[in-house]
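The values are calculated or read from the model by the stated rules, or taken from the named source; none is laboratory data. The shown structure was predicted, so the numbers you read here are calculated from the model rather than taken from an experiment. Cβ atoms come from the backbone with ideal geometry, glycine included; neighbour counts cover every protein chain shown. These accessible areas exclude ligands, DNA and RNA; they are computed on the full protein's heavy atoms, side chains included. Shrake-Rupley method; radii C 1.70, N 1.55, O 1.52, S 1.80 Å.
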Amino acid sequence: MDLNTSFSKLSREEKIQWLSVSGESQKLLTDALNQNPAISGIVDQLSENTITHYTLPLGVAPNVLINGKSYHLPLVTEESSVVAAIAKAAKFWFAFGGFQTQVLGTEKKGQVHFFWKGNKELLHQKFEPLKDFILLRVNSLTKEMRKRGGGITSIQLLDKTHLLTNYFQLDVSFETADAMGANFINSCLEEMSKALKQFFSCDLELDAELLEVNMAILSNYTSGCRVLAKVMCAVDAINAYGESLETPLLAEKLVQAVQIAQVSTERAVTHNKGIFNGIDALALATGNDWRAIEACGHAYASRSGTYASLTKASIVEQTFILELEIPLSVGTVGGITNLHPLAKIALEILQKPTAPELMQLMAVSGLAANFSALLALTTSGIQKGHMKMHLSNILLQLNATEEQSKLALTFFKDKTVSFTEVKKFLSSNS
Ligand code: MEV
């Protein structure tokens, strides 16, 4: 294929051939596709230049008690120990009434970013009629959403000229019911930007030449779409558990561990990454946009001006409390949530939650992952748990037999696992 031939125009077989991978790899690429035509047929169309489908494990953390109701969380992750960690935390907290959650808001936002070189006062004066004009223009676009209880809840004119010369925003708030709402919001904003231009060219006092619309786009910083998840129990209960792990005063150690993540960026990034292990896995399983969720979460973690822990821990009157407050913009309708056959099944496992319900489940998944990570870190360290999974992965890679794997699990129980050591072990036990 020369540079003038478009890769996208090639058939799948031609694309694979063009990549010059081995015959064995070509077969794998094709076999992976043919495994399940019911899934392939849909997944194929989600992206461009698809040559095959990339498979990841879908696991379940069972019996996660949330506000008195038990859920089984479907989790997609390639990282060993994440599902086990969430399941472990769920089991621990089940005995203390589980997780408590609360939705703190469901507002989504978007902006029309524009430059106005004219009189500022005049712009502010014209804002009320401009707003009415804009709302009328998007009326048909918002009709269906309004029927579902959503729509546009406010439009503000924000003067940002102190940050950038002549820069203003139309700052728009939305409610999007059970949809994440990206398409709805972007369609409304693009229509608003056209309406803005039209309003300026029709108004005799405004000089349309002095207006320049730069872009219209939703904001993934959904700080008004927030949820709180919490666990609590008697300090003594945590400390008794700590004693069983030869770690006295575990409750105090856990609180200190979170305090460290509140003052040290180095630790906060890893701490929050552990929270997103749980959140992303549920987002991916349910077909939600985990990049948007992550970007927003990290910005929220920096809201004080310094990047810090997303969880808080405290001991209040002999009660240990761990909580996570986080913005989570998710959907249970629209996007690929009802398109990807496995995302649909994930939502079915969750008993078809509304978007606010899914926000709560996701926050719990993050909090559970964080609790287990903190527990491991402040007691035995994380390597102990990780090593068993690491060993299984290496054994799988080296095609170990069932017998060899059994022997290896016993042999490496009290030893450090590495690829070389496992390879050595297998060759002496072949
Ligand atoms: C590993 O994926 C996540 C942890 O590093 C999180 C943490 O350190 O809190 C275990």
> How much net charge surrounds SER392 when only other residues with a Cβ under 14 Å from its Cβ are counted (Lys, Arg +1; Asp, Glu -1)?
Replying inline: 0
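Using only the Cα atoms of the range 37-135, build the gyration tensor, take square roots of its eigenvalues as a ≥ b ≥ c, and label the shape rounded, prolate or oblate: rounded if a/c is under 1.5, else prolate if a/b is larger than b/c, else oblate.
On the way: a/c = 3.68, a/b = 1.67, b/c = 2.21.
In terms of gyration-tensor shape, oblate.
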>> From the convex hull of the Cα coordinates of the range 352-422, what is the mean projected area in square nanometres?
In response: 7.0
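Obtain the radius of gyration and the Kirkwood radius of the range 102-152 from its C-alpha atoms and give Rg over Rh. Please list the in-between numbers first.
Details: Rg = 14.9 Å, Rh = 13.7 Å.
Expressed as Rg/Rh, it is 1.09.
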> How would you rank 103-114, 418-429, highest first, on the average number of other Cβ atoms within 10 Å across their residues?
Replying inline: 103-114, 418-429
> Mind listing the phi-derived Karplus ³J(HN,Hα) values for the range 118-127, rounded to whole Hz, using 6.51, -1.76 and 1.60 with θ = phi - 60°, and x for any glycine or proline?
Replying inline: x, 5, 5, 4, 4, 4, 5, 4, 7, 4
> Roughly what would the spin-label model give for LEU122 and THR50, points 7 Å off Cα along C-beta, in nm?
Replying inline: 5.3
>> Can you list residues from other chains, or at least 5 along the same chain, whose modelled amide H is less than 5 Å from the amide H of VAL227?
In response: LEU104, ILE326, LEU328
> Between ASP207 and THR420, what length comes free when the chain is fully extended (0.36 nm per residue of separation minus the Cα-Cα distance, one decimal in nm)?
Replying inline: 69.4 nm
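Between rounded, prolate and oblate, where does the range 7-46 land on the alpha carbon gyration tensor, with a ≥ b ≥ c its root eigenvalues, rounded for a/c under 1.5, else prolate if a/b exceeds b/c? Intermediate results must be reported in sequence, preceding the final value.
Values: a/c = 3.40, a/b = 1.31, b/c = 2.60.
The shape class here is oblate.
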>> Over the Cα atoms of the chain, what radius of gyration and what Dmax do you get, in Å?
In response: 26.3, 89
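Going down the table (LYS15/LYS273; LYS27/LYS273; LYS312/LYS388; LYS15/LYS109; LYS109/LYS273), which pairs top 32 Å between alpha carbons?
On the way: LYS15/LYS273 36 Å; LYS27/LYS273 36 Å; LYS312/LYS388 30 Å; LYS15/LYS109 40 Å; LYS109/LYS273 25 Å.
Distance filter (> 32 Å) returns LYS15/LYS273; LYS27/LYS273; LYS15/LYS109.
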> At 10 °C and 1.306 mPa s, what whole-number value in µm²/s does Stokes-Einstein give for the translational diffusion of the range 108-219, with Rh from the Kirkwood sum over Cα pairs?
Replying inline: 112
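About the Cα centre of the range 7-46, how large is the charge dipole given +1 on each Lys and Arg Cβ and -1 on each Asp and Glu Cβ? Please answer in debye to the nearest 20. Let's see the in-between values first.
Numbers: 4 positive and 5 negative charges, 23 e Å.
Result for the range 7-46 is approximately 100 debye, rounded to the nearest 20.
Tell me, what is the per residue accessible area of the chain in Å², probe radius 1.4 Å?
Each residue of the chain exposes 52 Å² on average to a 1.4 Å probe.
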> Taking the chain as a Gaussian network, Cα atoms linked when under 10 Å apart, which of SER264, SER154, SER20 shows the biggest mean-square fluctuation?
Replying inline: SER20
>> Out of the total accessible area of the range 21-178 (probe 1.4 Å, heavy atoms of protein only), what percent is carbon and sulfur?
In response: 54
